[in-house]
Each structure stands twice: as C-alpha cells, then as structure tokens.
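Values in this text are rule-based calculations from the coordinates and carry no lab data. Bear in mind that the values here come from a model prediction, so they are computed numbers and not experimental data. We place every Cβ from the backbone using ideal geometry, glycine too, and count neighbours over all the protein chains shown.
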Amino acid sequence: MPGSNWELFRYCHNLMNSSETFRNKLTVVIPAHNEQAMVGAVVREVICQLDGLELAGFASEVLVVDDGSRDATFQEARRAGACVLRHVINCGLGAAIGTGFQAALRRGATIVVTLDADGQHDPRDIPQLIAPILNDTADVVIGSRLLAQAAQAIGMPLDRRLINWGANMITWLLFGAWTTDSQSGLRALNRRALEQIHIKTNRMEVASEIIAETSRLRLRLAEVPIAAVYTDYSLQKGQTNANSLPVLFKLLLRKLR
Amino acid sequence: MTPIQILGVLFLLFALSRVILRWRSHRLALSELVLWVFVFGGILTVVLVPSLSAWLARLFGIGRGADLVIYGSIVLLFYLVFRIYVQLENIEYKLTTLVREIALVQSTDSSENKPDHTDASGTAPSGDDTAGSQP
C-alpha cells in the first residue's frame with residue numbers, strides 16, 4: 001500500500017529528525033539570587049531567542065538555579081517558563097553554576113550557555129557565542145564585553161574597568177590564560193568541557209576558575225565580542241568593587257591547594 | 001612555685017585531660033592527639049621550668065625567654081587559624097554538594113509533573129503517535 005509506505009516514511013523522517021535535534025541540546029543556565037525583578041523578563045527573552053534556534057534543529061531548555069533567594073525569584077522564573085532548581089540555602093555564584101552544569105549534564109545538554117539573571121547580557125548574543133563550538137574551533141567560549149569596542153563605549157565605569165584589567169592580569173599570572181574579560185558571566189561550554197571542568201570555588205571566583213580549568217585541561221578557549229548593558233540595577237548587583245580583594249585571596253589559596 | 005605557675009599547671013593539666021579523654025572516645029584523630037599533647041605539654045614544661053625558655057631563646061638567638069614564647073605562640077596561632085580555614089572550606093564544599101544534590105533530586109521530582117521548555121522532545125512523541133495510529 002502506497003499510503004502505508006508514506007506513513008512509514010513520515011515515521012522514519014520524524015525519528016531521524018528527533019535524533020537530529022537531540023544531538024544538539026542547548027541549555028541556558030541562569031544563576032539567580034534575589035532577582036525577582038529581572039529574572040522573569042530575562043527568561044522570557046532567552047526563550048524567545050531559543051525558539052529561533054529550535055527552528056535550526058536545536059533542542060533547548062532554560063535552567064534557572066535559584067541560589068537560596070528570599071524573594072519570589074523561584075516563582076517568577078517558573079512562571080516565565082524556565083525549569084528551576086532551588087538551593088535550599090544561599091551557596092554563592094560558583095555553587096549555583098556548578099549545580100546548573102550538573103543538571104545540564106544529567107539532562108543531556110551538548111552545549112551550555114551561562115547568562116546573568118540581572119539582565120546585563122543580551123540573549124541575542126547567544127548564536128554568536130555558540131558559533132565557535134558548533135564549528136568545533138573551541139570548547140569554551142567567553143563573551144567579552146571588552147573585545148571589539150572600547151570599554152567606554154559600552155558605559156563600563158572606570159573603576160570597573162581597572163578592576164577588570166587587574167582580574168585579567170591575575171588570571172593570566174596564576175593560570176596562564178589571557179582573556180580580555182576574565183570576569184564575564186556570559187559563556188558557552190561544549191559537553192567535553194562540561195564533563196571535565198569541576199567547579200570547586202563557591203563564589204565570584206568561579207569566572208576565573210572556569211578559565212583556569214580550561215587552560216589546565218588544555219581545552220580550546222575562544223572569545224567573542226558581546227554587548228553588555230550597565231544599568232543602575234545591574235551595577236548594584238553582582239560584583240562590588242570591595243569584594244574583589246577576597247576574590248583575589250581565594251584565587252591565591254586555590255592555586256596553593 | 002609562684003601562684004601564676006600553679007594556675008598555669010592546673011589549667012594545662014585540665015586541657016591535657018580533655019585532649020586525652022576526647023581521643024579515648026574516638027572523637028580526636030591520633031595526629032591531632034599528638035599535636036595537642038605536644039602543644040600543651042610544651043607549654044607545661046616551660047611553665048614548670050621557666051629557665052628552659054631562656055635557654056631555648058639563647059639557642060635560637062632571641063634575647064629573652066618571654067620573646068621566644070610570644071614568637072612561638074604567634075606562629076602556632078597562624079598555623080591553627082590556617083587549619084581551621086582549610087577545614088571550613090572543606091565543610092563549605094561538602095555543604096554545597098549536599099545543597100546541590102537536594103536541588104537536583106527535587107528538580108527530577110517536579111519535572112515529572114510539569115513539562116519544561118523542550119519543544120523538540122515534545123514534538124517527537126506526538127509525531128510517533130500519529131504515525132502509529134494511522135495503520
């Protein structure tokens with residue numbers, strides 16, 4: 001019967017298509033701590049971008065790690081359509097990213113993108129960010145706020161620029177990997193990197209740690225230019241100038257251990 | 001014996017007895033027993049024989065016995081603080097592992113109730129169904 005053959009063909013085509021999509025699963029990990037104001041909007045924006053990617057044969061998922069928030073971050077993220085994991089107590093950015101990586105691995109992700117929940121990253125940068133991984137020219141990609149355009153142009157304050165430069169210098173001295181934006185929160189990793197990189201530090205040191213692990217494991221590191229939005233809101237959150245010293249201390253200790 | 005010596009000896013004997021009792025009830029490792037017996041025993045010896053500290057100080061090229069005690073104490077304190085710091089880091093790491101595991105287990109529980117944002121995995125079974133129901 002030609003009709004049943006046609007059905008069989010459709011069945012096989014569907015099967016092939018589904019295995020095709022499963023070969024590439026992009027998981028966006030968003031660590032969030034007390035971000036009820038922004039996290040919903042960020043998740044929705046990311047999902048919007050991912051829908052575009054799904055047309056190109058990607059499975060995708062947004063994974064928010066609620067790091068012991070005291071506000072409605074969990075509910076807001078879930079309402080926006082993300083899969084939300086909750087830390088019962090606040091453990092720090094590094095811990096949240098580590099949990100996100102673990103969950104992504106278990107859920108079969110082949111590419112993981114991390115993105116800040118405060119809205120300072122533009123999800124439209126994701127396709128650019130994962131391009132080096134899809135071309136198989138890099139295992140870890142850092143989205144650099146300072147690569148192409150002058151830092152001034154994106155409105156990064158001078159004190160942030162100085163601290164950033166110092167952090168790059170220290171990352172290079174301690175771990176032998178030079179990046180123009182070692183503290184960037186927008187990054188992409190392929191599954192190979194995901195399986196090998198083990199995050200031990202709990203807090204803000206995690207940005208340098210991922211770069212350190214990349215160079216230790218001889219994974220390929222690439223940088224792509226991204227846009228960053230410095231709003232009053234995002235400046236209040238995240239790294240403060242004052243906590244850069246403890247971060248430095250922790251990095252030194254990690255090197256000794 | 002001066003009153004301060006008597007007080008010192010009494011306190012140190014008390015401290016030593018605590019250490020040994022904790023070791024006997026298996027709440028202290030052998031290495032820790034050795035460390036603390038060495039610390040408290042050493043202080044006890046110096047308290048009982050103060051001239052010993054002066055002799056030791058001369059041996060190390062330090063002027064007075066009291067100076068040696070202070071230098072030694074500072075070094076010891078730094079070391080102990082470092083040890084506590086390392087232990088604290090380890091505990092934090094273990095705590096993170098625990099919190100992470102709880103988060104992962106909870107997410108697998110709840111994901112069975114609520115479908116998440118994977119369009120591709122959602123369309124695959126439905127395509128399967130239509131193909132299967134036709135013949």
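Which FRET efficiency value, to the nearest 0.05, do you get for residue B:102 and residue B:26 by plugging their Cβ-Cβ distance into 1/(1 + (r/R0)^6) with R0 = 22 Å? E(calc), rounded to 0.05, equals 0.15. Full extension of the chain between residue A:51 and residue A:137 gives 28.5 nm of extra length, using 0.36 nm per residue less the Cα-Cα distance. Which of rounded, prolate or oblate describes the stretch B:4-114 when judged by the alpha-carbon gyration tensor and an a/c cut-off of 1.5? Taking the square roots of the gyration eigenvalues as a ≥ b ≥ c, the stretch B:4-114 is prolate.
Rounded to the nearest 0.05, the FRET efficiency derived from the C-beta distance between residue A:122 and residue A:249 at R0 = 25 Å is 0.15. Counting, for every residue in A:94-100, the Cβ atoms of other protein chains within 10 Å of its Cβ and taking the mean gives 4. Shown is the FRET efficiency for residue B:91 and residue B:71, computed with R0 = 30 Å from the Cβ-Cβ distance and rounded to the nearest 0.05: 0.45. Modelled spin labels at residue B:80 and residue B:45, positioned 7 Å past Cα toward Cβ, are 1.9 nm from each other. Gain on full extension, evaluated as 0.36 nm per residue between residue B:11 and residue B:64 minus their Cα-Cα distance, stands at 16.6 nm.
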